Amino acid sequence: GVTRLLLTRIPFFKEIIVSSFSCSSCSWANTEIQSAGRIQEQGVRYSLAVTSRQDMNREVVKTECASARIPELDFEIPAFSQKGVLTTIEGIIDRAVAGLEQDQPARRAADKELARKIDEFIEKLRQLKEVNCPFTFVLDDPSGNSFVQNPQAPQRDQALVVTHYRRSPQQCALLGLQVDVEPPEAAEDLRDEVLQFNTNCPECNAPASTNMKLVQIPHFKEVIIMATNCDSCGHRTNEVKSGGAIEPQGTRITLRVTDPSDMTRDVLKSETCSVEIPELEFELGMGALGGKFTTLEGLLKDIRELVEKNPFTLGDSSTPSRTGKLQEFIGKLQDVNGKAQAHFIMDDPAGNSYLQNVYAPEEDPELCVGRYERTFEQNEELGLNDMKTEGYEPEPASGR
């Protein structure tokens, strides 16, 4: 047979290798994908409530280290049991049915009762494709490189819940990751110097250097700014990490944009911060764009580029109606620079985001900063429910 390989780059999934095998003798064909890019900093979990036939046609990128579950049937496709695939939810169910049917003739000869139970389960899987009853599809990928399509982008999809989480040591071991933890230096020694360490460019994978600096933001707290410059391809990127602890309460910042000068306000968006513009019915979930320290104009520009580079919204696979709707949204987003008044809302459960008050230390009439108590689900996403800060020392063994 013949195997064809294509190295391509898809936004949100970094680089992937698409391989296609075909046999001219028996006409058998097979396709799969493999991740060629770097593993993301956080794992991702997609939970979709499937209620119609249209949901079965949603595009899905499932890497080989991702697991897929349907809780209603107590059905799970474990990680590393299948190759990576670019398909739909219906395609994943068809692939599972084909895998279960493969050894049924041998099972019927060896154990008829087991074969009968598997036949009943296969029939339940086939009935899911008709969506007579709603069910939940859960895709969990510790590498963060899987994806479930949102056909309503850039608006929020009420049926789809996307959760980013920190990998456990067991998941890091499965992915072949090993993190060497070194004792941190004193913060006083970092304030007046720029640290530099070697890394690889996320675009061309050439050796590059990353600069790191501890910066004090006035009327806020310390943050760590990391910038990477690649001399080979010219790619530049920057990321911001909080230099302090998680705040006792979450923060919700609301700015009413009324003048073009508001676009020059400094903005610190942490990884746990979500952004909302109610007038445009737009919401950017936590984890998207990572940590950013820029201006309001720069953050809106990054949001516009995020929408424009998505192949599922404005690429070849997009429908004309969806493309027209997104072009209209991009036009409205460009008008949010003082021409059209809008509310810019930042919601950070960790309390590590910041929007500049140009009247500081006086109150800003257009800026509202509110504090709130986190819910149990928000604490779970931040890993606070299982965090133990007292009494964690091992007890001494009692003598006999």
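The values are calculated or read from the model by the stated rules, or taken from the named source; none is laboratory data. What you see is a predicted model, and the numbers here were worked out from it, not measured in a lab. Here the Cβ is made from the backbone with ideal geometry for all residues, glycine too, and neighbour counts use every protein chain on show. We work out accessible area using only protein heavy atoms, side chains counted, and drop any ligands, DNA or RNA first. Shrake-Rupley method; radii C 1.70, N 1.55, O 1.52, S 1.80 Å.
Just the protein heavy atoms count here, and of the accessible area of segment 195-242 at 1.4 Å, carbon and sulfur take up 48 percent.
Per residue, the average separation of C-alpha pairs within less than 8 Å and at least 6 apart gives segment 41-92 a relative contact order of 39 percent. Helix 296-308 and the longest principal axis of the C-alpha atoms of the chain enclose an angle of approximately 20°.
Rolling a 1.4 angstrom probe over segment 17-72 with all protein chains present gives an accessible area of which 47% lies on carbon and sulfur atoms.
Take every Cα pair under 8 Å whose residues are at least 6 apart in sequence, average their separation, divide by the length of the chain, and the relative contact order is 14 percent.
Each Lys and Arg contributes +1 and each Asp and Glu -1, all at the Cβ; summed about the Cα centre of the chain, the dipole is approximately 1420 debye. Hydrodynamic estimate: the Kirkwood radius of the chain over Cα pairs, inserted into Stokes-Einstein at 4 °C and 1.567 mPa s, corresponds to D of 53 µm²/s. Return the subset of LYS221/LYS325; LYS62/LYS332; LYS221/LYS301; LYS129/LYS332; LYS301/LYS325; LYS83/LYS325 for which the Cα-Cα distance in this structure is over 28 Å, preserving the input order. From LYS221/LYS325; LYS62/LYS332; LYS221/LYS301; LYS129/LYS332; LYS301/LYS325; LYS83/LYS325, over 28 Å: LYS221/LYS325; LYS62/LYS332; LYS129/LYS332; LYS83/LYS325.
Local charge for GLY370 was computed over the other residues whose Cβ lies under 12 Å away, with Lys and Arg +1 and Asp and Glu -1, and equals -1. Per residue, the solvent-accessible area of the chain (1.4 Å probe, heavy atoms of protein chains only, all protein chains present) comes to 58 Å². Counting only alpha carbon atoms, the long axis of helix 320-335 and the longest principal axis of the chain meet at about 10°. Using a probe radius of 1.4 angstrom, the carbon and sulfur fraction of the accessible surface of segment 83-186 is 52%.
Summed over qualifying helices (DSSP H, 4 residues or more, each -39500 (n - 2.57)) and divided by its residue number, the chain shows a 222 nm mean residue ellipticity of -6500 deg cm²/dmol. Take each peptide in 250-257, 60-67, 283-290, 377-384, count the other Cβ atoms within 10 Å of every residue, and average; sorted highest first, the result is 60-67, 250-257, 283-290, 377-384.
With a cut-off of 9 Å between beta carbons, the residues surrounding LYS269 carry a summed charge of -1, where Lys and Arg count +1 and Asp and Glu -1. Cysteine residues of the chain whose Cβ has no partner cysteine Cβ closer than 4.7 Å: CYS23, CYS26, CYS65, CYS133, CYS172, CYS273, CYS368.
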